[in-house]
1. Checking the a/c ratio against 1.5 first, then a/b against b/c, what shape does the Cα gyration tensor give for segment A:353-490?
2. What number, in percent, do you get for the relative contact order of chain B if the mean sequence gap of Cα pairs under 8 Å and at least 6 apart is divided by its residue count?
3. For the residues A:ARG240, B:ARG506, B:ARG404, what sequence is obtained by ranking on other C-beta atoms within 10 Å, fewest first?
4. Want the number for B:ILE512 to B:ALA313: 0.36 nm per residue separation, take away the alpha-carbon distance, what's left?
5. How much net charge surrounds B:PHE250 when only other residues with a Cβ under 13 Å from its Cβ are counted (Lys, Arg +1; Asp, Glu -1)?
6. Relative contact order (percent) for chain A, with alpha-carbon contacts under 8 angstrom and 6 or more residues of separation?
7. What spacing in nm lies between the two simple spin-label points modelled at A:TYR336 and B:PHE241, each 7 Å away from Cα in the Cβ direction?
8. What lysines sit close enough to A:LYS443 to cross-link, taking a C-alpha to C-alpha distance under 18 Å and skipping anything fewer than 8 places away on the same chain?
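Derivation of every value follows stated rules applied to the coordinates shown; laboratory data play no part. Only a predicted model underlies this, so the values are computations on that prediction, with no experimental measurement involved. Neighbour counts are summed over all protein chains in view; Cβ atoms, including those assigned to glycine, are modelled from backbone coordinates with ideal geometry.
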Amino acid sequence: MRLYLSYIFLLLVLFSCSSKEEVSNSQQVSSLPDIQPDYIGVTVPSVIAPLNFSMADNFELTDFVFSGKGNTTIHLQSSSTPEIPINKWKDLLSENIGDSIKVEVSVKTENQWLSYLPFFIHVSADPIDESICYRLIAPGYEVYSKMGIYQRTLADFKQDAILENTLVSGSCVNCHSFKQTDPSYLTFHVRGDHGATFVATPDKEITAYSTKTDSTLSPSVYPYWHPSGDYIAYSNNMTRQTFHTRESERIEVFDFKSDVTVYNVKTNEIITSPLLKTENFETFPSFSPDGKRLYFTCAGPKNMPAEFRDIQYNLCAIDFDPATGSFGNHIDTLFYAEGMNKSVTFPRPSYDGRFIMFTLIDFGQFSIWHKEADLWMLDLATGEAKPLDGINSNDTESYHSWSSNSRWTVFSSRRGDGLYTRPYIAHINENGEADKAFLLPQKDPVNFYKELLFSYNIPEFSNAPVKLNIPEIEEQLMQEEKPSFSFKSN
Amino acid sequence: MMTKPKRIFKFFPGLAFWGIVVLFFGLVYPYHVAFHEQYQLFLFSGQYFIELLSIPGGGADYIARFLTQFFLFPWLGAGIIASVLTLIQILFLRIIRLFTHSNSLVNTIVSFVPSIAIMAFLCDENAMLSLPIALLFALSASLTCMQIPKNTTRSICGVLLFPVLFWIAGSASIIFVALLLLHEILLNQYKFSIPKWIAVFSVFVLYVYAVLLASQLLVSYPLSRVLNGINYYRYPDFMPFIKNVALLLFVSISFLTILIHRVIKKEQMIWASIVLFLLVFGGGTGLIISKVDTAKEEAFAYNYMARMHQWNAIIQKAEKNPPVSSLASTCVNLALAKTGQLGNHMFQFPQYDKLESLLPKYQRDMMTPLFAGEVYYHLGMVNTAHRLAVEAMESIPDYQKSARCYKRIAEVSIINGNYKTARKYLNVLEETLFYRKWAKRAETLLFNDESVNKHPEFGSLRKNRIDEDFFFNADEQDIILALLLKKNSTNRVAFEYLMAYKLLERDITGFIKFFSLGDGISYFSIPVHFQEALTVLWSSQNKPLNEIPWEIDTRISNNMKAFIAEYNSVTDKKLLADKFGDTYWYYLLCEKDNK
């Protein structure tokens, strides 16, 4: 028996030794390798899962060497996508925090090795949150099939379902929101015959609410938590969608009316201000990190849908007093997009209070269907806004959110195939500039994203695992009568 | 040793049943078989496999979907269904033989009952092959367990196997527990007292319930769905009664067979066999007949033929039996337009619900958008065809994707020059069995506008696309059709649809307004129905027909005179149907909007 085991061991050793071919007489190529996903020159957090990648073209063999200033070197050879060993990768990252990992790629073609210029992956010293949460949904028009809200830990490739719409047939789950990445403060919507908005805080069991009141235009959407956890800003929108006949544009989603409201979690009341309930179209609210301002986008009234190309939203703000739940007496315009013949969506303030990141499009508010959609950064200290050149592409960049330390952003982009949105993560430095973004790593990213039939939607950082009691959610959804938000006029 | 005739006799019932099922699904229900294939996208990928295996019943679903991809060829599908049903019968026969320790004819006859019930279940176009596959798993496991001689090993095996089986096959594996319990009762009937049996039974029920609850905690499905079988039926909130009857039959038939063998004497068995044969054969035939839906089969047939571009076959079928539904009629109109005959023959066939037979309005289901999508695609309104393909696919109630829709989306993406998007869909199709070749071929067109422009189908459809951007409005499709003609004045399909649209609307003024748009299309003579409309227009202006400025066939002018004469002489206008039912005049003046 021992003899057999020895043989097996010997065979394994021999196999592992002989599996790598020496890169000899290599010819130097004066260009960087064409790899997919493109991880050349990206900045990553020190806990990120291995950035597996492969050459865009097929070769007999590809040789990859990852090295840094420490002792750890990873040497792999493969004819497809090699899987970087996770423990060695972690060592390599931790040895190179604040520095870079050098990646050397050689390919073998027609018995000749070619070596490309090395590239670098920068390892930031800025920490990142534990996971990201997102909805997975197939790109569609009016009808939706299977979808769900999922969480993915950033240090490895593990994805878990938080909630899937299979729980109640014909339902749609959307708009999950945490308080500054803290999922113990949670809200999300379930739409459909048994629809409801769920709200949970550490002091309050998860509860399904009916959010439509007689005084609001519609059920509450686009939630954003107040930093105290006592309020949630919502928008109430009368939304329609219609379809273009020309190929370059597919869907137009627009509001006939919209208002911004704030929900008091403790008193179960909706509060608003006459300044937010006007003929203007107010939408996409978010609170400043000190909780004393409410940001939102606002457009002058238009005759919809006839003037759908003329509606342009500006970035505005109103004061908010969390102690009394009252609003200021005037509205400030922080970024006058109309002046640029543009429109603002998804204003998201950094949690350090320095910046507001937003999406800029030509018109309207449904940026995901706008190819020209780009991410912009507004410096609240200087009032200057500029595009995030490091992370924008010539396709759609839309939804985005901040990490809890305001040093990372995760955003959705259609740059891959022009239709399916994928999550990209980018480092933001203290000046509000973005380093090159990287696609969420996968074990075998090329095949994973090739085979994935869903888009990533509403990517949000989360600093802890999200756990829902699914039978409890189902029970609450199936209740005929659900508690309602009440409306309190300011 | 068994003699040759005996061996043939042994296999004959199974073979006969297999043959009957093949003939039924191959001849009577072929398009129900093909119907399934278009609502799934079976991928040879790890992700697809893992995703299915992450739900109870996923193993059965995976095999069922693997087999369903062959339903693209209805005879092959019929063979697969027949084989699965026959296997169920064989396994069940072996189980009841174990119960009765007999090879009697009675066993053979009753062993077909559950298979017949499942066949009836499968007559429903939304009944999935997952259930019979799950039953194969459950019956095989039952038989394997029952054959373990040692009591303790058998019991442990049963207890351990159930959760695994439940995860692989889903809730149909409950019959595994039921059959095993029945087997144990038979084996140990004299050892235990009734209270002990009640205790054993209760423990098993609790065990089954615990497995159910535990599995529900692992997935985002309601308990009722897990209990009913997640993917046994396409619609999640409904399960046909026959499915539960079929499951119950495995236990009740087993029980009945045991009873028959104990009560009926050996010499009376032949009579019992005859009676049972008549009951099973007669009842089975009646049950299947009651489940057959010929109207749906007809609609599915037209849909299949339109998908396969079998335009002449559609017309031939309609000539034999006029279509009985609006969706079927949609395909006939499309086939006529594709062969340049819409203006000549459309009123030979029923036109339902005014414009619905021409351009069906979008409905939130998985069927209508598929029918309508074909029309829009061939007209050149490829973006609408794209949207309808997506809507049809996203409407599939069991959350599957559709290879047919993926293909259409890829086609439209190529036509529109959205090559990156097209590649995404083609890459997925390359992981299928029957679309791989097409996808590989289509991939050679990517980023090559010249090749796309030269492509016989994509090139002409690219040329037909509208340049103007506006919001799609289902109530103003005549405007859209006119714009298609403005873009390409030789788009014959669009012209015939526009004219047919106005004819069906009974809008003669609109008809004549758009008539000149067809100047760019070469016709040997003005199509018959257009001539009929022109004669109506001219006559309504009280002008003599011989002065009509268009080339009207003498036969048509004479026919019109005859129609007017008869129309004025009869009270019941329906009497004109025999002679003039295939004319526009009859549609215009005698037909109500809804047939």
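1. Numbers: a/c = 1.76, a/b = 1.28, b/c = 1.38.
Oblate.
2. Values: 764 pairs, mean separation 77.7, N = 595.
For chain B, the relative contact order is 13 percent.
3. Details: A:ARG240 13, B:ARG506 17, B:ARG404 21.
Ranked by crowding around the Cβ, least crowded first: A:ARG240, B:ARG506, B:ARG404.
4. Numbers: separation 199, 0.36 × 199 = 71.64 nm, distance 3.22 nm.
Working it through step by step, the gained length comes to 68.4 nm.
5. Working: positive: B:ARG94, B:LYS243; negative: none.
The answer is +2.
6. Working: 1265 pairs, mean separation 70.0, N = 490.
Once divided by the residue count of chain A, the mean separation gives 14 percent.
7. Once both label points are built, they end up 7.2 nm from each other.
8. Qualifying lysines at Cα under 18 Å: A:LYS88, A:LYS90, A:LYS158.
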